[in-house]
Structure formats: structure tokens, C-alpha cells
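First up is the structure itself, then whatever we jot down about it.
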Amino acid sequence: MTGAPPAIDVRGLNKSFGQLHAVRDFGITVQRGRICGFLGPNGAGKTTTLRMLCGLLTPDSGEGQVLSFDVLREARKIKRRVGYMTQKFSLYEDLSIAENLMFMARVHELPDRRARVDAALARLGLEARRRQLAGTLSGGWKQRLALAAATLHSPDLLLLDEPTAGVDPEARRTFWDEIHALAAEGVTVLVSTHYMDEAERCHEIAYIAHGQTLARGTAEEVIAASGLITLNAEGPGADRLAPELRARPGVDMAAAFGATLHVSGRDRRALDAAIAPYRKAPLVWREAAPTLEDVFIQLIADLNRREAA
């Protein structure tokens, strides 16, 4: 995809619903064939942003292109080249897998519909279940069917809204293997998720909250830019110290992970002073690499402090 224009290149997008400013001056650039993870708490504006990017919602203001089409004026053209998998299963539960896909083929006015449907069934491992009613499928199989429907028309851009919510780990892994296979074929993917391990499988991530972009880059870049220092404590009762340590100056985050205490801060001297009274047997302290979860908790805390001020 060298030299090709970005799949998504938008700036200053805003969308309000009455008094709610759902998306605030949002901008993002995603190159073709890349997987971008879209993260943020519930109500952050992720779904609204996805709907603007695929042409279902018109931004109140802003500019840019999606697949080289104007995001404000060429929504119809964008829709024809985008696959959108909604958070809630939205296919017909009283139709079979094959019938749902055939219906979608007609909606997209595809030629060779039967061949397209057969190819989608084969790709997602759905052939043996082609006559099964969609409403009787488990979460993982519904996910496969929804992905088959979203990619049936060979879109250039795939937008996935929390596609693996409520799906077991094995089904999630199979799903992500397919996403990477699609990206290798040149499909650009923007996927919203709450799972940190999924975020780490993306080529890059964008974190938004309260309609604003708080961080952007690869997982390694976002962690490095945070400036966080993280220490782990192990030993009897370590996990019970989290509430006590959260109240100490220099500690931005303290949480229990099993029997281990996880403590983070940005000022090494202040952090060392905060934990100094606890650096004694039987506790053993070790420095650890910050995680994406550490960073995102810190970003939200910083945003809340700024808004309170």
C-alpha cells in the first residue's frame, strides 16, 4: 500500500445529540491494510465515531476523507465500500446462515451471489452449519456469521464495534486470526474493544474518552509516552494494601492482581517515598513494565482532574 492515500484521514469531527457533545474535535489517520484498535470507556463516543466514518451519521463539523471520499458529502459512496459489524447481533435469527448471507448479497446487489455466499461460508468455517437458524447459534458462531456478512461484498474498510464482547477466548483468537488475514490482503480495520490483549494485537491504537482522543500510536509508543513507573509487590497480604497506598502522594494507581500488588506513578522519587514504609519482609518489590491498562486508567484520571479543575 506504499504511496496510497490513507484509508481514513479525518480532522475536527464533532457530533452532538442535544446537550450531549458525543464526539469532540476527533481526528485520526489510518493507512491502508492496518488494524487500528479503538479503545475507551462506555459512553466515550466510539460507536458514534464509527457510524460517522461509515456514512451512517453526518458529522456536525469537521473534514477529511474515508477511502478518498469526502466524509461530509460522499456518505453514499463510503457506505458501498465499508463493512460494518455492529455491537449487537443484527442479522435475522429466524433465517439460516446461508439465507442471511444470500439476503446480504441481494442488499449489496452482488453478482454471482451463490458463489460469493459459498466462499464466505468456506472462509469462516460455516459450511457444515449453513442450514442452521441464526437464532440457535452460540455467541462465537454468531460472531463468525456477522463477520461473513460484513465482508461479503469485499469491503476496503472494515469497522467492528466491540465484536468479541461475550465470546469465549478460543473464538476470540480465531476471530483475530481472520482479522489479520484480511489486513494482509489489504483491508483496513478499525475495531473497538475493551480487551487489552486485543489492543496489543492491533498495529496501532487510539484511546478516546468523553469524545476526545487522549492517546495514539502503537501499544509500545503509548506506554512509553505515559511516563509511568510501575512496581509490583508480592508476599502475604500484599493485595490488601491497595486502598492504603492509593491515598499516598506519588501513587497514581494501586490495584491487586491476584495476590500481587501493582503500583504506578510518574514521579520516581515520590513513588519510592510512598512505598518506603512497605519495603520490608515479607513483601518483595520488583519494577515491572507498565501495561496498557495502567496507562488507560492514568489517562482517565488525568482527564477527570483537568475537567474538575
Within region 44-66, restricting to residues that are within 18 Å of Leu190 (Cβ to Cβ) and of a type in the set (S, T, N, Q), the one that is modelled with the highest pLDDT is Gln65
Of (1) free of Cβ contacts under 8 Å to residues at least 40 places away in the same chain; (2) closer than 26 Å to Val167 by Cα, Asp112 satisfies every one except (2)
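Only one of Leu283, Leu292 is farther than 30 Å from Leu39 by Cβ and either touching a Ser or Thr at 6+ places or on another chain (Cβ under 8 Å) or at pLDDT below 95 (or both). Can you tell me which?
Values: Leu292 fails: farther than 30 Å from Leu39 by Cβ.
When all the criteria are applied, what remains is Leu283.
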Looking across region 220-235 at residues that are touching a strand residue (DSSP E or B) at 6+ places or on another chain (Cβ under 6 Å) and not in a strand (DSSP E or B), the single one that is surrounded by the fewest Cβ atoms within 10 Å (Cβ to Cβ) is Gly235
Result of the Cβ filter at 8 Å on region 262-285, keeping first residues that are at negative phi and in a loop (DSSP other than H, G, I, E, B) and partners that are of a type in the set (D, E, K, R) and buried (at least 18 other Cβ atoms within 10 Å of the Cβ), at least 6 apart or interchain, is Arg266/Asp252
Requiring at least 2 residues that are within 19 Å of the chain's Cα centre (by Cα) and in the same structural domain as Val167 (by TED's automatic domain parsing), the helices (runs of 4 or more DSSP H) wholly within region 46-110 are 46-53
By residue number, the members of region 124-168 that are among the aliphatic types (A, V, I, L, M) and either in contact with a His (Cβ under 8 Å, 6 or more places away or on another chain) or assigned to a helix (DSSP H, G or I) (or both) are Ala128, Ala134, Leu145, Ala146, Leu147, Ala148, Ala149, Ala150, Leu152, Ala165
May I ask you to verify whether Phe69 is aromatic (Phe, Trp, Tyr) and modelled with pLDDT under 95? no
Among residues of region 192-204 being at pLDDT 95 or above and not acidic (Asp, Glu), the residue farthest from Gly45 (Cα to Cα) is His203
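Give the residue that is modelled with the highest pLDDT, with candidates limited to residues of region 72-120 that are among the hydroxyl-bearing types (Ser, Thr, Tyr) and out of contact with any Leu (no Cβ under 8 Å at 6 or more places or on another chain). Spell out the reasoning first.
Narrowing region 72-120 to residues among the hydroxyl-bearing types (Ser, Thr, Tyr): 84, 86, 90, 92, 96.
Restricting the remaining residues to those that are out of contact with any Leu (no Cβ under 8 Å at 6 or more places or on another chain) gives 86, 90, 92.
Details: Thr86: 91, Ser90: 89, Tyr92: 95.
In this case the residue turns out to be Tyr92.
Let me confirm something: among Asp168, Asp177, which residue is farther than 23 Å from Glu220 by Cβ, assigned by TED's automatic domain parsing to the domain that holds His108 and surrounded by fewer than 18 Cβ atoms within 10 Å (Cβ to Cβ)?
Asp168
The values are calculated or read from the model by the stated rules, or taken from the named source; none is laboratory data. Everything quoted here is computed from the prediction, not taken from an experiment. Cβ coordinates were reconstructed from backbone atoms using ideal geometry, including for glycine residues, and neighbour counts include every protein chain displayed.
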